[in-house]
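Worksheet: the structure to be examined is printed underneath.
The values are calculated or read from the model by the stated rules, or taken from the named source; none is laboratory data. Keep in mind the model is a prediction, meaning the values are calculated, not measured. Cβ placement follows ideal geometry from the backbone for every residue including glycine, while neighbour counts extend to all protein chains displayed.
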Amino acid sequence: MVKIGNIELGKFPLLLAPMEDVSDPPFRAVCKEHGADLMYTEFISSEGLIRDAIKSRQKLDIFEYERPVGIQIFGGDEEAMALSARIVDATNPDLLDINFGCPVKKVVCKGAGAGVLKDIDLMVRLTKAVVDNTKLPVTVKTRLGWDDDSKNIEEVAERLQDVGIKALTIHGRTRSQMYKGDADWTLISKVRNNPRIQIPIFGNGDIDSPEKALEYRNRYGVDGIMIGRAAIGYPWIFREIKHYFATGEILPPPTIEERIDACRKHLHGSIKWKGEKLGILEMRRHYSNYLKGLSHIKDYRTKLVSTDQLSELESVLDQILENYIVEA
Ligand SMILES: Cc1cc2nc3c(=O)[nH]c(=O)nc-3n(C[C@H](O)[C@H](O)[C@H](O)COP(=O)(O)O)c2cc1C
């Protein structure tokens, strides 16, 4: 049984990755329904939280049916991180995650995200500031290191464990790699097999099929797997992996009804949480993924991303359903 603090996550948990502008409550609802064992919010700026920025505050919204759920924060200033830990604490998620992995320039430049990978002492101080200011279990998500010449994840893991984190997720790339090249899990495995390491180590990077999940679980011995991009528009990835682990069989892909159903649910959740205008607008980035692989889908997709009327969206989704059921 894998545990983070007192949270029991089963034998081999599948985690939904935090993804900015993606991992919001409507998306998380769909992933939860299809088997994600632990989910995270998209990252939230500690500076934004303490300034009471509306956008940052809104990202703190979590719902009972999502549990266990973690709120992820980032920042490069100890005081801001300590204060935001208290704010997060008050919203009562199951855990608090710190992002030390974001490679995006606007974050790194402020000494946050993956920028901290260049300064382990600072990383340790920031983590301690968070641990000391929350009663929640604190977890960390990070990368292998800053670049090829400074892959310091083994030291990072030991030192963060020593200041009290309860789990570590490692994305098998360096900051310099951004998202290029293949994720390298060999160092993740080394951290996992370090006898000093007692906390769960979750592997992350490029898992996009049940076969790959099984291969990586067996080869690298991690305690669980975090999945990001492969879940966008394809929340079935979680149940497919679980089924494959349990039976060795590949589930048939979701039917067109299931796809449209999940897409509709996501759309309605989006509208409910963000309001009609924004909900419809921000849903646009998801259609191509929900419809991936369907032949002659371009015209429907174009309609979906160009209308701002819910009734029209519903009608296009109905048409897809009708036409593709006939085709099948
Ligand atoms: C659109 C997008 C947004 C992301 N935002 C975050 C974030 O807010 N916090 C974080 O820790 N990682 C973020 N990531 C990184 C993912 O959590 C994950 O580490 C990465 O995508 C690799 O996993 P994958 O190959 O399964 O996608 C983001 C990735 C993507 C594609």
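Things to note:
- Pairs are defined by a Cβ separation below 6 Å, a sequence spacing of at least 6 or placement on different chains, a first member in region 200-219 that is in the same structural domain as Gly172 (by TED's automatic domain parsing) and within 16 Å of His243 (Cβ to Cβ), and a second member that is among the charged types (D, E, K, R) and more than 11 Å from the ligand (Cβ to nearest atom); the pairs so defined are Pro210/Glu240.
- Flag for Pro18 being away from the ligand (no atom under 12 Å from the Cβ), out of contact with any Pro (no Cβ under 7 Å at 6 or more places or on another chain) and at pLDDT 95 or above: no
- Residues of region 53-63 satisfying the condition of being crowded, with 16+ Cβ neighbours inside 10 Å and part of a loop (DSSP other than H, G, I, E, B): Lys59, Leu60, Ile62
- Among the residues making up region 18-50, a single one is over 13 Å from the mean Cα position of the chain (by Cα), of a type in the set (Gly, Ala, Ser) and part of a loop (DSSP other than H, G, I, E, B): Gly35.
- Unmet requirement for Asp149, which otherwise passes all of (1) closer than 19 Å to Gly75 by Cβ; (2) away from the ligand (no atom under 14 Å from the Cβ): (1)
- In region 237-248, the residue that is nearest to the ligand (Cβ to nearest atom) out of those that are over 13 Å from the mean Cα position of the chain (by Cα) and surrounded by 20 or more Cβ atoms within 10 Å (Cβ to Cβ) is Ile237.
- Meets criteria (within 15 Å of the ligand (Cβ to nearest atom), in contact with a Lys or Arg (Cβ under 6 Å, 6 or more places away or on another chain), under 27 Å from Glu8 (Cβ atoms) and outside any helix (DSSP H, G or I)) for Thr169: yes
- Residue match in region 53-72 (condition: within 15 Å of the ligand (Cβ to nearest atom), within 24 Å of Glu240 (Cβ to Cβ) and under 14 Å from the mean Cα position of the chain (by Cα)): yes
Yes or no, residue by residue, for (1) assigned by TED's automatic domain parsing to the domain that holds Lys141; (2) surrounded by fewer than 19 Cβ atoms within 10 Å (Cβ to Cβ); (3) over 13 Å from Pro25 (Cα atoms):
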| residue | (1), (2), (3) |
| --- | --- |
| Ser45 | yes, no, yes |
| Arg51 | yes, yes, yes |
| Tyr65 | yes, yes, no |
| Glu78 | yes, yes, yes |
| Ile87 | yes, no, yes |
| Asp94 | yes, no, yes |
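- Matching residues in region 126-147 - criterion: being under 13 Å from Gly172 (Cβ atoms) and either part of a loop (DSSP other than H, G, I, E, B) or among the hydroxyl-bearing types (Ser, Thr, Tyr) (or both): Thr142
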